[in-house]
């Protein structure tokens, strides 16, 4: 079979993977989530749904690729204001890290469907040779990450070529970028296999449950890592540069050996020759080692893809069991437990459980730089935490997937669905006020009353969750293709609800210069919002 | 039975003038049905005749364009909780929570239906054991075959011992043993005073299981009665249900033409 024909045919399993990732059990995450219009209650929009899934996937890929290109270019921006060898080293290192994180993250979103090996099932019935299957599956795999990988490599190579004007440095940057993509895809494929294997294993054993939890944390950590790389590069860069300036220290030797710093040092010193010879030599040797390692990783990827194409995906294991006992719960907690289980097992929504950690970390970072805990810092930290929490209702609704149709046949009303999801999203916000409380005990505050703001915001988060869920549930079954902007609008309603008490605080304080009046205003706003939300909930 | 019936002489399922329009397609037109306690009503018809739409409307999954439904005396649109707590439903393609295991799924269903812990355990144990669910009771539903998923859906529909069973192709993918158990359970359910609305494409099953049959075609019930009554409507005293169905839906000639044409085209 010609490669062009294999590339053309690879569209079939690729589309299947995309469909499974976005429309079936994997829920609809990222931008796809915002475009979800639910299943048409009149059952006539199957084609529309499929079409929309592919449009979302393409949009998704483009957006992520653009984001990836911008993020990979961002660390180089400081060099345009005065290039130094240390600046170039840290820029290359950070750029490679960010690209690695993004590629791995995006690939994980789709590859768990790929490793289930069912995506190629349709092709098995056709008279194709094993080699042709391998080619087709490999290409369908490449299609998952093509835009972002190519985009990142091109942007990094062009930037290094422009900044160094050195063909050798450019060539080395190209090698490092390709190697980076291979590592990212390998990690994603490995994670996907691990997650899928663990998911299909099932079982009631405690070790199985703990393993699943560990994988969720790993998933969350990966995303958290990307979040950190994006949100605090300006914290990392100065520390990295300080470490690189003192090559004699043990920590610097560690940085020289560790990928991607070794790549950064090797490339930057090709042009500037300012680092010690021993450091450059060590980095170069490490770089050669990484190139060899990427060869091994690439080979493993190819073999795994080949195994998948030949139907050797991970099969579910069965455990003989004669214990059929079940544990019933109060309907409300039964629904909460179900929500927690389905969302934590969905690779696309599992990382939302890392939100409390992320929130806590961001809140801490936002406040550590201040000698005194100012009200403005509390307001910013509360807002950041609140916005993160308000992604939770959407994730929980997405995780329902087609199973929601079964729930509709049960004696469950919308109120229960809304209350369950509200409880979970409000609980996700709780680390924010607790972190602020901990911070307030360590620092002086401009107003001790201000610590009440994040706690009163709990009410606003609960109200915002109710509004958001009601809006999203309200759109279910109306048969319209929900547009990105419209769904983002629903999220905006939630965010605005969470922000109103803080706006009230700021406005009242600016008028009265009295914290007590402002806090009373916050309380009034939060309680009013909650009263409206509860009224809506009651009449759902 | 967990839920009391409005009256033993009242139909457990009743529809009147039920219609459903999907855009320009009339999926259901003036459907009038009554299923009494102790009856197994078979809803038969060609693909796209409106069987699944009828069952989904009765379940409360979709709303009718016009007409009304009563389930044990309750309107599924106006009193969904009351109606749904009296229904056990198996969908044509069981759509369940794929990441849950059968145990977790049944825990969820039993919790939503407020079934007492010991009662739920007893019923689930008996049903799961009968359907040989031991091998996959803790495996995610996503990894199960269609037949296995169907068993999970069947157990979930029976766990609260509802007075009404709405079964849309419930034997899809089931092995011989499980299929037999399911049919026996349906018969037992009817003998105990429950009502069953049973949709199937397997004529032999309908012939042996259903006490009354409704032939639905292009959204309308075109004939209703016992097998003998249906036979008499076609002007004969013998013939299988399949023959009767094809005659009533005027598809007998189409089948003969298609077979002749395909025979000439493919097996020349």
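Tabulated values for the structure
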{"read-out": "Unique match (being in contact (Cβ under 8 Å) with a residue 40 or more places away in the chain, more than 9 Å from chain A (Cβ to nearest Cβ) and more than 15 Å from residue B:51 (Cβ to Cβ)) among B:160, B:208", "value": "B:160"}
{"read-out": "Enumeration of residues in region A:387-401 that are surrounded by 24 or more Cβ atoms within 10 Å (Cβ to Cβ), at pLDDT 80 or above and over 16 Å from residue A:414 (Cα atoms)", "value": "A:389, A:390, A:392"}
{"read-out": "Qualifying position, being at pLDDT 75 or above, part of a helix (DSSP H, G or I) and closer than 16 Å to residue A:9 by Cα, among A:158, A:153, A:136", "value": "A:136"}
{"read-out": "Test for residue A:420: is it surrounded by fewer than 24 Cβ atoms within 10 Å (Cβ to Cβ) and at pLDDT below 85", "value": "no"}
{"read-out": "Any chance residue A:102 is buried (at least 23 other Cβ atoms within 10 Å of the Cβ) and at pLDDT below 85", "value": "yes"}
{"read-out": "Residue within region B:8-18 that is under 15 Å from residue B:220 (Cβ atoms), touching a helix residue (DSSP H, G or I) at 6+ places or on another chain (Cβ under 7 Å), at pLDDT 85 or above and in a loop (DSSP other than H, G, I, E, B) present", "value": "no"}
{"read-out": "Number of the condition not met by residue B:189 [criteria: (1) more than 29 Å from residue B:26 (Cβ to Cβ); (2) surrounded by fewer than 22 Cβ atoms within 10 Å (Cβ to Cβ)]", "value": "(2)"}
{"read-out": "Some residue of region B:198-220 being more than 18 Å from the chain's Cα centre (by Cα) and either surrounded by 15 or more Cβ atoms within 10 Å (Cβ to Cβ) or at pLDDT 85 or above (or both)", "value": "yes"}
{"read-out": "Only listed residue being crowded, with 24+ Cβ neighbours inside 10 Å, more than 8 Å from chain A (Cβ to nearest Cβ) and in contact (Cβ under 8 Å) with a residue 12 or more places away in the chain, chosen from B:152, B:109", "value": "B:152"}
{"read-out": "Residue within region A:59-80 that is modelled with pLDDT under 70, farther than 30 Å from residue A:165 by Cα, out of contact with any strand residue (DSSP E or B) (no Cβ under 7 Å at 6 or more places or on another chain) and in a helix (DSSP H, G or I) present", "value": "yes"}
{"read-out": "Hits in region B:60-80 - residues which are away from chain A (no Cβ under 12 Å), under 19 Å from residue B:163 (Cα atoms) and out of contact with any helix residue (DSSP H, G or I) (no Cβ under 8 Å at 6 or more places or on another chain)", "value": "B:70, B:73, B:77"}
{"read-out": "Qualifying positions in region B:112-145 - within 17 Å of residue A:337 (Cβ to Cβ) and more than 7 Å from chain A (Cβ to nearest Cβ)", "value": "B:141"}
{"read-out": "Selected residue (criterion: surrounded by the fewest Cβ atoms within 10 Å (Cβ to Cβ)) from residues of region B:92-106 that are at pLDDT 90 or above and more than 7 Å from every other protein chain (Cβ to nearest Cβ)", "value": "B:105"}
{"read-out": "Answer residue from region A:397-419, given it is more than 10 Å from chain B (Cβ to nearest Cβ) and under 14 Å from residue A:338 (Cα atoms) and is nearest to the chain's Cα centre (by Cα) among those", "value": "A:398"}
{"read-out": "Enumerated helices (runs of 4 or more DSSP H) restricted to region B:164-258, each holding at least 3 residues that are closer than 23 Å to residue B:38 by Cβ", "value": "B:176-191, B:203-209, B:227-233"}
{"read-out": "Which listed residue, of B:17, B:60, is crowded, with 20+ Cβ neighbours inside 10 Å, in contact (Cβ under 8 Å) with a residue 24 or more places away in the chain and over 21 Å from residue B:245 (Cβ atoms)", "value": "B:60"}
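Yes or no, residue by residue, for (1) modelled with pLDDT under 90; (2) more than 25 Å from residue A:506 (Cα to Cα); (3) touching a strand residue (DSSP E or B) at 6+ places or on another chain (Cβ under 6 Å); (4) buried (at least 24 other Cβ atoms within 10 Å of the Cβ):
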site: A:452; (1), (2), (3), (4): no, no, no, no
site: A:463; (1), (2), (3), (4): no, no, no, yes
site: A:466; (1), (2), (3), (4): no, no, no, yes
site: A:473; (1), (2), (3), (4): yes, yes, no, no
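The values are calculated or read from the model by the stated rules, or taken from the named source; none is laboratory data. It should be emphasised that the depicted structure is a prediction, and the values quoted were computed from it without experimental measurement. Cβ atoms come from the backbone with ideal geometry, glycine included; neighbour counts cover every protein chain shown.
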